[in-house]
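Take a look at the structure set out below.
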Amino acid sequence: MDSAAANTFIAAQKGEWPLAGRNFAALDGVRVKDVALPGGWTVRVQFNPARIVSSGAKVDAKAIAERPCFLCEANRPAEQRGIPVVDGRYELLVNPFPIFPRHLTIPDRTHTLQLIDGRMADMASLAMALDGYVVFYNGPRCGASAPDHMHFQAGNADFLTLPAALEDTELETVATGADGATLALSARLPLRCFVIDAGSAAAAAAMFGRLYAAMPVPEGQPEPMMNVLAYATPAGVRIVVIPRKRHRPSFYGTEGEGTMLLSPASVDLGGTFITPLERDFDALDAPTILRVLDELCLSDTEIRKIAADAAL
């Protein structure tokens, strides 16, 4: 499966599946604004009412246990077709509630928990095959609306602003692999993240393994909290790892003064904040976005501790 085949598949599904067709068409009418942040990073804010399904999703254990898994084949709409990828271990699906003009969901074909450990080679392989897309992973408490079923998502890479910001900022290399893969730190952007550059999926997975082992696991959580982006580069693949410490901002909600229905995941932290409520779209500004980043992401001290441990 390459990007051209993925584009053709999305176009076919929009014609075959009325719900998907309507929601993709609605993207033409969404409101978008740009917000400038320190460090030369400009993020987009999108008012997208259809995404209230995800932003408002209940992801507690009781709610998950009481609903059928919408990523399992037996529970999907009849119109939703899938294409096997990565040696048949995953399926490529069109996301019927899109953010991107081209939006895919890529679930494991078995019902297994949303955990990234041992799957970075798969993610990097998908990113290299889907040139022009960004493949992303939301941790089980970092924006995943289906934390009970392992899945990636993908969308056209030019939709996010973080990749361009990383190109324009200075990266601080903290580790180098024997195969030439590098682990770097973005210290000048208001979003502190790790950047892995590698020439192959295996090399990317090996370097990610070092980083993963150095990241703290919050009490009661199955893995370090993170969002991950992966996309092809002329030299191979780039993996962007955004460590987290909190699921949602302290002002998450729909009632009360100052609340916002913001449940940031990879897309938001990748540079496009999604607001399903128009009032939140109008109110979201640079100070609020910086507050979100401060509440959800690790401090410079915490990030540098991880970097030091990963470099050993």
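The values are calculated or read from the model by the stated rules, or taken from the named source; none is laboratory data. All figures in this text were calculated on a predicted structure; none of them were measured in a lab. Counting neighbours? That spans all protein chains shown, and the Cβs are built from the backbone with ideal geometry, glycine included. Accessible surface is based on the protein model in full, side chains and every heavy atom, while ligands, DNA and RNA are left aside. Shrake-Rupley method; radii C 1.70, N 1.55, O 1.52, S 1.80 Å.
Below 8 Å between Cα atoms, with a sequence gap of 6+, how large is the relative contact order for the stretch 215-255 in percent? The partial results should precede the final answer.
Values: 38 pairs, mean separation 13.0, N = 41.
For the stretch 215-255, the relative contact order is 32 percent.
Measure off 7 Å from each Cα along the Cα-to-Cβ vector at K245 and R81, then give the distance between these two points in nanometres to one decimal.
Going by the 7 Å Cα→Cβ label model, 4.8 nm.
With an 8 Å cut-off on Cα pairs and a minimum separation of 6 or more residues, tell me the relative contact order of the chain in percent.
20 percent
What is the packing order of peptides 236-242, 5-11, taking the mean over residues of other C-beta atoms within 10 Å and listing the highest first?
236-242, 5-11
With the calculation restricted to Cα positions, what are the radius of gyration and Dmax of the stretch 169-312 in angstrom?
According to the Cα coordinates of the stretch 169-312, Rg and Dmax are 16.4, 54 Å.
Rolling a 1.4 angstrom probe over the protein heavy atoms, how many square angstrom per residue are accessible across the chain?
That works out to 41 Å² for each residue.
Please flag any cysteine in the chain that has no other cysteine's Cβ under 4.7 angstrom from its own Cβ.
Within the chain, the cysteines lacking a partner Cβ under 4.7 Å are C142, C193, C297.
So who's got an amide H within less than 5 Å of the one on A175, skipping anything under 5 residues away but keeping other chains? H placed 1.01 Å off N, in plane.
Excluding prolines and chain starts, which carry no amide H, the hits are L183.
Residue by residue through the stretch 82-94, what is 3J(HN,Hα) from phi via Karplus (6.51 cos²θ - 1.76 cosθ + 1.60, θ = phi - 60°)? Round to whole Hz and write x for glycine and proline.
x, 10, x, 9, 6, 6, x, 7, 10, 10, 8, 10, 7
To the nearest 10 Å², what's S266's accessible area with a 1.4 Å probe?
0 Å²
What is the Cα convex hull volume of the chain when expressed per residue in Å³?
Considering the Cα atoms of the chain, their hull volume per residue is 127 Å³.
Which one, V292, A203, M260, is farthest towards the positive end of the dipole of the stretch 203-312 when Lys and Arg carry +1 and Asp and Glu -1 on their Cβ?
Toward the positive end, the furthest listed residue is A203.
Round to the nearest 10 and report in Å² the accessible area of T110, as given by a 1.4 Å probe over the protein chains' heavy atoms.
The accessible area of T110 comes to roughly 80 Å².
What part of the accessible area of the stretch 89-245, given as a whole %, is carbon or sulfur when the probe is 1.4 angstrom?
51 percent
How big is the C-alpha Rg of the stretch 113-153 next to the rule-of-thumb value 2.2 N^0.38 Å, as a ratio?
Cα Rg divided by the expected 2.2 N^0.38 Å: 1.15.
Considering all alpha-carbon pairs of the stretch 1-142, what whole percent are spaced by more than 23 angstrom? Intermediate values should be presented prior to the final figure.
On the way: 4352 of 10011 pairs.
The proportion of pairs with Cα distances above 23 Å equals 43 percent.
With equal scatterers on the alpha carbons only and no solvent term, can you work out the Debye log10 of I(q)/I(0) for the stretch 79-162 at 0.21 1/Å?
Log10 I(q)/I(0), no solvent term: -1.05.
Treating only the Cβ atoms of Lys and Arg (+1) and Asp and Glu (-1) as charged, compute the dipole magnitude of the chain about its Cα centre; round to the nearest 20 debye. Intermediate values should be presented prior to the final figure.
On the way: 28 positive and 36 negative charges, 81 e Å.
So the dipole magnitude of the chain works out to roughly 400 debye.
Would you mind finding the longest exposed-site-free stretch of the chain, with exposed GluC sites (Glu not before Pro) meaning DSSP loop and at most 12 other Cβ atoms within 10 Å?
Counting only loop sites that pass the neighbour cut-off, the longest clear stretch is 1-169.
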